[in-house]
Every structure is written in C-alpha cells, then in structure tokens.
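Just below is one structure, and these are the notes that go with it.
The values are calculated or read from the model by the stated rules, or taken from the named source; none is laboratory data. Treat the numbers as computed from the prediction; the structure is a model and nothing was measured. When we count neighbours, we look across all protein chains shown, and the Cβ atoms used for this are built from the backbone with ideal geometry, even at glycine.
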Amino acid sequence: DAKTTQPPSMDCAEGRAANLPCNHSTISGNEYVYWYRQIHSQGPQYIIHGLKNNETNEMASLIITEDRKSSTLILPHATLRDTAVYYCIVRVAFKAAGNKLTFGGGTRVLVKP
Amino acid sequence: KAGVTQTPRYLIKTRGQQVTLSCSPISGHRSVSWYQQTPGQGLQFLFEYFSETQRNKGNFPGRFSGRQFSNSRSEMNVSTLELGDSALYLCASSGTSGVGSDTQYFGPGTRLTVL
C-alpha cells in the first residue's frame, strides 16, 4: 500500500472548518483513500473514503486532487468532540489483497473553544 | 446493526502467561482483522481471517495467533506474554470478500496490561 504523509498536529477553532491534508504521491490507480479518526483510547472510527471523485457524507467531505497524489479531509463545522487523531490511509482495491490497513502517525487535531 | 464487540475490555496478566481475546463482528461480516496499538509503534496489523482462514498476516512473532469460527467470531491468542505485549488490541470487521471499497469497522478494543 502507498505511504501517506500527514502533518503531526494542527489546531482549529470550534465552529470553523477544519482542513486536514494528506499526501500520497505514490498512490496507484487501484488504491482508495480512506480516512479514520481515533478519539483517545477508543477504536478508530471510519469517516469517509474515495477513489478519484470528491465524496461527502454526514461527517465530512473528501477532496482528492485530479492527479490523486494528495487529498484533504474537511470537517465543515468543527466541534470539541472532533478532537482526535485523524489517519489518512491508502489501500489496494482488489479482492485477493484482503483487508489490511497500514496506519501512519496521523494528525492530532485539537479543536479549541 | 450492533457494532463490533470485543471482550474483555480490560485485562491484566503477568509475564509468561497466555491470553485469549475475543471479537464478534458486525452481523453479516465475514472478514475480521486484528491490530495492535502501542505508544511506540502505533497501530500495526496483526492478521486477518476470512471464512475461517487466515488471509493476511503482519510481522509479528508466532506467539501471536488467531482463529475464526464458522459464525465469523474470532479469537486471538498471545502465548508467553512479554512486557512489550502491553497494548490496545483492536478488532475490525468488514462486509464482503475484500474488494477495495470494503470498509473496516473497529471495535472498542481490549486493553492488555502485562506485569
């Protein structure tokens, strides 16, 4: 699976949008971009994923650049409960590969009042 | 649907003992993966089971083993515990056969402390 690079930490203000970048310059055409977050000592929570189109759900939006070498997770209105470590992961998309997520260090996001 | 459940949630063992952790996947999910999370190494993949067969394996010693039952429930076992095995052990399940858009959903984890 391709390696990802994320800033180690970032702060954002409550009520403002949080934009979390991820670089995956070696991504292959058959690899998806996934985002998870982990609130202290809990299991990682799935947020969103995409292949090449932008995606939106009730939690966040995912913007993938046209060359797919980077992406941005957008939390539209950050709340204090969004304070967590956010992981950007790429994984292959073919059957035989099975399910293996390779986690990097993630971005520690602190939402401040 | 109920989420992934893991038991026990907390466990304290001593060095040299063995431990078995249990994971019940989301109903209908056939793939179960296990991860270890430590402050030093982060989240690391242990192994994945699908239809009672190990399909993927991470880079862990043979003291770490697992199995999956016909109802998709899974157990992992760690024998001859070492202090370094203290960690949060996470289980994740996913729905189909492993095609890339399958999403893994994680349980709350089992916190193992080895004294």
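Some values worked out for this structure:
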| quantity | calculated |
| --- | --- |
| Meets criteria (charged (D, E, K, R), surrounded by 15 or more Cβ atoms within 10 Å (Cβ to Cβ) and either in contact with a Cys (Cβ under 9 Å, 6 or more places away or on another chain) or within 13 Å of another protein chain (Cβ to nearest Cβ) (or both)) for A:ARG68 | no |
| Of the criteria (1) more than 8 Å from chain B (Cβ to nearest Cβ); (2) part of a strand (DSSP E or B); (3) in contact with a Ser or Thr (Cβ under 9 Å, 6 or more places away or on another chain); (4) under 26 Å from B:LEU90 (Cα atoms), which one A:ARG37 fails | (3) |
| Condition met for A:TYR86 (within 13 Å of the chain's Cα centre (by Cα), modelled with pLDDT of 95 or more, outside any loop (DSSP other than H, G, I, E, B) and of a type in the set (Phe, Trp, Tyr)) | yes |
| The stretch B:58-83 - residue that is within 14 Å of another protein chain (Cβ to nearest Cβ) and touching a Gly at 6+ places or on another chain (Cβ under 9 Å) and, of those, surrounded by the most Cβ atoms within 10 Å (Cβ to Cβ) | B:SER74 |
| Conditions (1) part of a strand (DSSP E or B); (2) closer than 28 Å to A:HIS40 by Cα: number failed by B:ARG67 | (2) |
| Any hit, the stretch B:84-96, residues being surrounded by fewer than 19 Cβ atoms within 10 Å (Cβ to Cβ) and hydrophobic (A, V, I, L, M, F, W, C) | no |
| Hey, A:ALA78 modelled with pLDDT of 95 or more and closer than 19 Å to A:GLY106 by Cβ or not | yes |
| Residues within the stretch A:6-49 that are closer than 23 Å to B:PHE106 by Cβ, polar (S, T, N, Q) and touching a residue at least 60 places away in the same chain (Cβ under 8 Å), tallied | 3 |
| In the stretch B:31-42, residue surrounded by the fewest Cβ atoms within 10 Å (Cβ to Cβ) [restricted to those that are more than 9 Å from every other protein chain (Cβ to nearest Cβ) and free of Cβ contacts under 8 Å to residues at least 24 places away in the same chain] | B:GLY40 |
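A quick yes/no check of all residues on (1) over 16 Å from the mean Cα position of the chain (by Cα); (2) in a strand (DSSP E or B); (3) touching a residue at least 60 places away in the same chain (Cβ under 8 Å):
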| site | (1), (2), (3) |
| --- | --- |
| B:SER22 | no, yes, no |
| B:HIS29 | no, no, yes |
| B:GLN44 | no, yes, no |
| B:ASN56 | no, yes, no |
| B:GLY62 | no, no, no |
| B:GLU75 | no, yes, no |
